[in-house]
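Notes to accompany the following structure.
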Amino acid sequence: MKQVKKHDYDTFVKELAQIDIPYEQLEKSRRKSVIRFRKEKRNRQRTWKSIAVTCALLLLFVSSIRVSPAFASAIAKIPGFAPLVEMITYDKGVKDILQNSYYEGLGLSQTKNDLSFTLQGVIADETGMILPYTFSAPFDVHDLKTKKMELRLNGDVLPAGVNYSWYSEKDTPLIEDKFEFIFQDPINYDNANFELYIQFADEKQTEFTIPFSLKKPIAKTKTYVLNEKMSFQDQQITVKSVSISPLRTSITIALDPNNEMRILGFDDIRLLDEKGEEWTTINNGLTATGNLIDGEETIYMQSNYFREPKNLTLSIGKVKALPKGQDFIEVDFNQKKVLSQPSLPGLKVQVNKQMVTMNVPTSYKNKNIGLLGTAIDANGKTVYSNSGSSHRPDEYVIEQTEIYDIKGVVNPVRIYFTHYENFLDGTQTVDIPLK
């Protein structure tokens with residue numbers, strides 16, 4: 001090291017002594033920094049205390065919520081609880097998730113343009129994510145629409161389907177719900193940094209970008225390859241595989257192209273353990289991907305991931321099917337006319353401009369069922385619907401109206417059924433090899 005000469009040192013000290021140090025400003029800055037630090041610390045403590053209290057309350061109440069609807073209604077009124085209470089009520093797999101502390105609380109909030117969005121937490125596995133949230137404003141937000149929504153991984157948009165509901169029938173300053181993302185392919189959670197991006201269709205096009213990361217390890221999916229064939233009145237299906245993750249159980253089913261009837265769906269599909277306990281299809285959320293009209297579909301069911309059954313059996317019954325050629329209606333939007341429809345009991349179809357309305361009889365009570373599926377024009381082009389509605393004029397009739405985008409459409413258009421209660425006989429079962 002270079003040695004400093006004495007006269008250089010004396011000169012340096014004198015120069016330092018001549019510098020005017022703003023002691024008052026430094027003290028004010030120090031006090032402000034201390035106050036800000038303490039405030040941020042309190043806010044962080046409040047946030048984590050809130051998350052901890054929420055998780056503790058959920059673990060305490062989770063069993064009671066499924067037993068008592070009145071109790072569930074009371075708990076749902078606590079801010080941030082409504083989405084989780086709804087999931088527990090309709091899906092006992094989510095109950096297992098909470099009881100096994102797999103839910104991860106976040107409590108991340110942002111406020112812009114008088115709109116406040118809070119990402120309450122996350123349930124994640126290899127198949128997707130469920131993100132409970134609250135959204136509020138000092139005014140009515142029941143009809144405020146989202147313009148864009150993305151889930152990003154390390155800056156890139158994840159290829160994923162998203163399922164969510166937003167519409168409320170009455171004015172409200174608060175929306176509490178969940179976003180459900182279904183990944184196209186399993187993702188790598190190592191060193192994963194996520195962002196939830198939302199843009200609203202308000203006057204200022206308000207955007208929220210909420211970064212988050214996960215601290216808990218991600219559970220691995222249990223996959224069982226079966227390739228088991230089943231037959232219902234000579235109509236063949238193949239159960240290709242069963243995959244069980246914390247969020248859902250996936251059943252992949254393929255249809256025999258030589259079947260004389262087109263299978264529309266399965267109204268009784270369940271998993272049973274050795275005690276006879278059942279896990280059924282998901283009632284409130286994404287129920288399937290793929291399309292049986294294309295020959296293969298993956299059906300989503302409640303998950304028993306955190307159980308360890310000795311035996312597990314897949315049961316399939318109440319298979320809906322119609323003869324090929326009688327599984328669609330044909331309409332002409334230019335003529336506002338139904339050109340052909342199968343002679344099925346109780347079926348009524350109307351065409352009005354871009355709208356198609358269908359009525360069919362049903363034996364179900366209080367079950368939301370879609371009737372109209374894939375639509376194909378004369379050139380084989382898919383015709384998409386802009387919006388749709390489904391309601392029940394009376395106890396034993398389902399009515400659905402779809403509004404189609406007919407720009408560039410070549411008539412006639414075939415619209416295939418997704419539901420009609422013509423059931424094939426029998427129930428088939430297959431044992432799942434757990435070991």
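Every number in this text was worked out from the coordinates using simple rules, so none of it is lab data. All values reported here derive from a predicted model rather than from experimental measurement. All Cβ positions, glycine included, derive from the backbone under ideal geometry; neighbour counts span all protein chains shown.
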Notebook entry, point to check: Taking neighbour Cβ counts within 10 Å as the exposure measure, how do Thr89, Thr427 sort from fewest upward?
Noted result: Thr427, Thr89
Checklist line | Where Rh is the Kirkwood radius over Cα pairs, Rg/Rh for the range 328-417 | finding: 0.97
Check: If you add up the charges near Asn422, with Lys and Arg at +1 and Asp and Glu at -1, over every other residue whose beta carbon is less than 12 angstrom from its beta carbon, what do you get?
Finding: -1
Item checked: Length gained when the stretch Tyr189-Leu339 is fully extended (0.36 nm per residue, less Cα-Cα span) -> 48.8 nm
Margin query: In the range 398-432, whose amide N lies under 13 Å from the spot 7 Å out along Cα-to-Cβ of Gln354? List them in ranges.
Written below: 402-409
Item checked: Residues His142, His419, sorted so that the one with the fewest Cβ neighbours within 10 Å comes first -> His142, His419
Checklist line | Over 24 Å (Cα to Cα) - which of Lys148/Lys336; Lys240/Lys310; Lys240/Lys435 fall in this group | finding: Lys148/Lys336
Next item on the list: Could you calculate the contour length gain from Thr111 to Glu274, that is, 0.36 nm times the residue separation minus the distance between their Cα atoms, to one decimal place in nm?
Entry: 53.6 nm
Check: Contour minus end-to-end for Asp234 and Phe423, with contour as 0.36 nm per residue of separation and end-to-end as the Cα-Cα distance?
Finding: 66.7 nm
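Taking the number of other C-beta atoms within 10 Å as the exposure measure, put Lys318, Lys92, Lys220 in order starting with the fewest.
Working: Lys318 16, Lys92 19, Lys220 12.
Least crowded to most crowded, the residues run Lys220, Lys318, Lys92.
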